[in-house]
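The values are calculated or read from the model by the stated rules, or taken from the named source; none is laboratory data. Please read these numbers as outputs of a predicted model, since none were measured by experiment. We place every Cβ from the backbone using ideal geometry, glycine too, and count neighbours over all the protein chains shown. For the accessible areas, the whole protein counts, side chains as well, though only heavy atoms, and no ligand, DNA or RNA atoms are used. Shrake-Rupley method; radii C 1.70, N 1.55, O 1.52, S 1.80 Å.
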Amino acid sequence: MIETMQPFPKDFLEQVATEKYLTEEQRAVFVSLYQNANRAPDDIANDLFISPNAFRTRLTGVYKAFEIDGKGSNKKRRLHSALLEIYRQRQGRDSDDPILDRGIDDFVERVRRQVKPDIVQRCGTMRVLDMAQPVELGEIYTDVNILAKISATSRKGLAQIQEMVGLDLENFERFSFGEIAKERVAGLEVVRKHRKLMIWGKPGAGKTTFLKHLAMSCTQGELFPELVPFFVTLKNFAEEEDQPNLFTYLQSQAVIHGVDSERLRQIVVGGRAMILLDGLDEVRQEDSQRVIQGLQKFADIWRDNFFAITCRIAAKEYTFQGGFTEVEVADFNWEQISCFVNNWFRCKGEEKKVDEFLSALKKQKTIQELASSPLLLTLLCLVFEENFQFPQNRAELYKDGLDILLKKWDGKRAIQRDEIYKNLTVKRREQMLSEIAFKTFEKGEYFFKQSRAESLILEFIQNLPDAKDDPEALRLDSEMVLKAIEAQHGLLVERAKGIYSFSHLTFQEYLTAQYLANKPKSHHLIQDNFGKKRWRDVILLVFGEMNDVDFTSYLAVTLKCLWDRKLVHDEDCQKFLQWLHQKGKSIGQSYSSQVLKSLSINIKTDFSLNKPEPIFRAFYLFLSSSTFRSTYRFFEKHSLLLDSYTFSFDLKLIYCLFLAQDITASMHFYLPISSSQSITYSLFPNLYYFLSQIIEKTREKDSNYIKTITLLRNQLPFNEDLKQSASWWYQNGYSWTQQLQEILVIYRNIGHDWQWTDNKKKTLTKYWYVNRFLLECLQSAYIRRDVREWIENTMFLPMSEIEKMPPPEI
């Protein structure tokens with residue numbers, strides 16, 4: 001008696017064939033064999049127009065897919081039994097079966113509860129860099145913004161990008177690469193709008209954190225409560241020993257939490273899975289094609305589920321088909337930075353540090369630029385958390401940031417990336433990046449074409465050991481190295497199609513400084529650009545990076561002498577500096593270090609030795625400068641910060657003189673008489689108030705100049721009739737102001753009318769700026785103490801006095 005086998009419906013067999021990833025040839029054999037289970041194999045082969053041998057070969061592949069091993073006809077029976085069990089499970093169950101009894105929604109909710117512990121364990125915390133312990137993701141997470149268009153696909157030209165950031169090399173103002181205008185959309189808004197997402201981002205942009213947040217939000221019912229989240233680290237999936245397909249891998253993960261393969265199948269078939277696939281860039285090159293093809297196939301078959309894949313920009317060139325939308329994680333803006341910092345310190349119980357951190361960050365634009373990267377912002381928080389401030393020598397901070405991107409970020413996560421440029425050690429990479437930074441920065445190339453970047457890379461790698469001789473091979477290598485730098489480290493970024501820049505202007509400047517600090521002949525370039533706004537941060541960093549104390553001392557002395565000599569033949573400027581010298585000497589020496597420090601801070605000069613006379617000279621130069629002339633009203637609120645009576649007194653007198661001059665100029669030259677009332681209303685009370693304050697708080701009430709100032713103050717028609725007050729000033733203001741100036745010159749030796757031409761004003765302003773800048777450079781420099789003392793002691797002196805104190809021998 002011949003045993004018969006039950007045939008199966010074609011749609012059931014087609015569905016199972018899809019689930020097992022059978023090829024089209026295998027599918028045809030499988031469906032025909034088990035739809036007509038009692039027909040002879042040769043007859044089925046004949047129906048399919050293939051030979052019996054071809055039929056058996058394809059059937060062997062079917063058995064392998066179902067993990068049916070062994071030999072003989074028993075394999076067909078064993079596979080039939082397996083199919084029968086699957087068919088029975090799907091067609092009919094006991095009444096307490098969750099699928100039939102409570103419906104798909106209740107079933108999904110049950111599975112969600114089963115996988116929740118795994119999601120919470122893997123996605124509920126974050127720990128990066130040198131964090132002592134993990135923190136709850138929900139306590140620190142900051143909402144992500146998404147760029148609606150991938151940067152590298154933009155067709156903007158070089159000139160257009162430069163215009164967008166307001167780049168002007170002649171009148172340089174610091175800019176952020178984040179100013180390149182792009183449409184930003186809230187991350188969750190994008191997730192709710194698209195069921196299939198390919199999420200690109202620079203290293204440390206927060207891609208994994210965003211995906212973890214999606215998983216946690218789904219688990220907690222805040223996002224897609226009808227779906228079951230599955231979080232897959234693609235590196236782990238790709239390196240599984242038996243190289244399973246994604247469905248099999250999900251099965252192995254789900255069964256640990258009590259979700260059997262049949263329930264998982266129901267979830268996926270019903271389009272109720274949220275498949276989160278993290279780190280496509282972390283997959284090894286030898287596994288890459290297999291993994292990508294497998295993901296594409298899975299997404300095509302189970303297209304009704306939600307998919308999100310993350311990958312570093314430029315790491316993979318494959319474009320996922322079948323409805324995937326490509327987006328890019330945007331850099332943090334100030335609102336996101338503030339939110340992250342608030343969350344960071346509040347979750348650690350250190351709320352008081354929030355305002356201190358944000359205040360310090362606002363004051364230091366170069367550091368603020370780094371904060372646009374969540375990874376580097378984390379570094380800043382860790383540094384500030386430990387020291388209550390950012391390092392005085394910013395080069396140390398930038399070096400830490402560079403090290404993180406070059407090696408530590410992947411190293412801490414045990415990621416070994418494919419070395420496209422294996423001959424380049426970390427040190428060589430840094431050296432190459434320094435050369436690229438210098439050669440682009442020197443020419444003002446903050447943005448440069450891809451061909452320019454590749455040319456600079458080629459110049460470097462052609463001199464490496466074992467470099468190729470073939471020019472075309474070198475060119476191809478330079479292309480690959482550029483992509484590797486972008487994908488693995490994120491230090492060069494494609495801002496638009498074929499147009500690159502450094503990830504942060506801060507890193508371009510720091511790497512340029514590294515290049516110059518290691519070049520003995522760089523002092524000529526530093527001298528030529530000292531005082532230029534565009535070079536300011538680079539030169540500061542150079543002083544911080546140089547380790548040769550004699551060379552640094554020589555450079556500082558050279559710069560000081562260079563700028564002193566620029567005024568040596570200018571009689572007016574030398575006369576002015578001689579006045580500064582005499583004024584500084586007349587103040588006396590009996591001032592505490594606290595007063596001197598306060599004075600130095602208020603005029604933003606970095607004297608480290610607290611010698612009185614140089615600080616006094618700096619103070620009175622500042623009061624005489626166009627800088628103070630244009631900003632003196634700031635001191636309405638801040639003049640009392642000066643603890644010393646003498647300096648506070650003089651500052652208020654100068655303030656009154658400038659205020660009176662402004663009122664007079666406004667009435668006589670800029671505004672008609674009919675507008676005088678508004679001028680009187682806005683400025684007149686301030687003048688009367690400060691003169692009264694000077695009179696009331698003076699220690700010399702019986703002195704002639706106080707009596708004279710009192711008489712002048714009493715002439716002011718300070719009353720509510722604004723029209724009458726304005727009319728009085730219009731007629732008498734000029735002579736009144738002249739009298740005030742004479743009092744300041746005679747009794748305080750301040751307020752002189754130097755009658756500077758516009759060119760002289762520019763010269764003195766430059767002189768003031770350059771010397772302050774030199775003092776700032778010395779703050780982070782490794783320099784001889786006698787040189788430091790000489791520079792500070794001769795600061796703002798006329799040449800006749802400087803010549804009496806020659807510089808130390810070096």
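Laid out as a table, the results:
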read-out	value
Added length on full extension, which subtracts the Cα-Cα distance from 0.36 nm per residue, GLN89 to LYS604	177.4 nm
Which of MET795, MET126 is most accessible, then next, and so on - probe 1.4 Å	MET126, MET795
Distance (nanometres) between label positions extended 7 Å along Cα→Cβ at GLU136 and SER451	5.7
For the range 380-385, 3J(HN,Hα) per residue [Karplus equation, 6.51 cos²θ - 1.76 cosθ + 1.60, θ = phi - 60°, Hz, x = Gly/Pro]	4, 5, 5, 5, 5, 4
Other-chain or far-sequence residues with amide H under 5 Å of LEU197's (modelled H)	PHE307, ALA308, ILE309, THR325
Neighbour-limited loop hits for trypsin sites (Lys or Arg not before Pro), the range 126-160 (at most 10 other Cβ within 10 Å; DSSP other than H, G, I, E, B)	ARG155
Rounded to whole Hz, the Karplus (6.51, -1.76, 1.60) HN-Hα couplings of the range 213-221, x for glycine and proline	5, 4, 4, 5, 5, 5, 4, 7, x
Residues of the chain: accessible area per residue with a 1.4 Å probe, Å²	47
The range 765-810: trypsin sites (Lys or Arg not before Pro) in DSSP loop, at most 11 other beta carbons within 10 Å	LYS804
Fraction of beta bridges assigned by DSSP in the chain that are antiparallel (%, nearest 5)	40
Hz values of 3J(HN,Hα) by residue in the range 317-334 - Karplus curve (6.51, -1.76, 1.60), Gly and Pro given as x	9, 6, 10, 5, 9, x, x, 6, 9, 8, 9, 10, 6, 7, 4, 5, 9, 4
Net length gained if the chain between LYS443 and TYR705 were fully extended (0.36 nm per residue, minus Cα distance)	88.6 nm
Proximal aspartates and glutamates to LYS149, defined as alpha-carbon separation beneath 17 angstrom and excluding residues fewer than eight positions away on the same chain	GLU179, GLU183, GLU189, GLU317, GLU326, GLU328, ASP331, GLU494
Rg and Dmax [Cα atoms of the range 334-390; Å; Rg one decimal, Dmax integer]	9.9, 28
Net charge of neighbours whose Cβ lies under 12 Å from the Cβ of GLY258, counting Lys and Arg as +1 and Asp and Glu as -1	+2
Cα long-axis angle, helix 74-91 against the chain (0 to 90 degrees, to the nearest 10)	60
Reachable lysines from LYS116, criterion Cα separation under 29 angstrom, eight or more residues apart if same chain	LYS20, LYS193, LYS196, LYS207, LYS212, LYS235, LYS297, LYS348, LYS412
18 Å reach of a label modelled at ASN547, 7 Å along Cα-to-Cβ, counting backbone N of the range 474-515	511-515
Paramagnetic reach from ASP105 in the range 182-205 [backbone N under 20 Å; point 7 Å along Cα→Cβ]	none
Label point distance in nm, ILE746-ASP42, each placed 7 Å from Cα along Cα→Cβ	13.4
The chain: calculated mean residue ellipticity at 222 nm from DSSP helix runs of at least 4, using -39500 (n - 2.57)	-18000 deg cm²/dmol
Surface accessible to a 1.4 Å probe, THR208 within the full protein complex, Å²	40
Above-threshold pairs, the threshold being 22 Å between Cα atoms, out of LYS362/LYS449; LYS362/LYS533; LYS353/LYS533; LYS439/LYS766; LYS566/LYS761	LYS362/LYS449; LYS353/LYS533; LYS439/LYS766
Structure-derived volume of the Cα convex hull per residue in Å³ - corresponding label in (i) 373; (ii) 194; (iii) 234	(iii)
Qualifying chymotrypsin sites (Phe, Trp or Tyr not before Pro) in the range 15-55, DSSP loop, other Cβ atoms within 10 Å at most 15	PHE49
Separation in nanometres of the label points that stand 7 Å from Cα toward Cβ, at VAL255 and ASP69	1.5
In Å², nearest 10: area of PHE66 left accessible to a 1.4 Å probe	30
Overall form of the range 415-539 per C-alpha gyration tensor (a/c, 1.5; a/b vs b/c)	prolate
Residue order for THR757, THR378 - accessible surface, 1.4 angstrom probe, largest first	THR757, THR378
LYS533 accessible area, 1.4 Å probe, all protein chains in place, Å² to nearest 10	110
Stretchable slack from ASN518 to SER727, in nm (0.36 nm times residue separation minus alpha-carbon distance)	68.6 nm
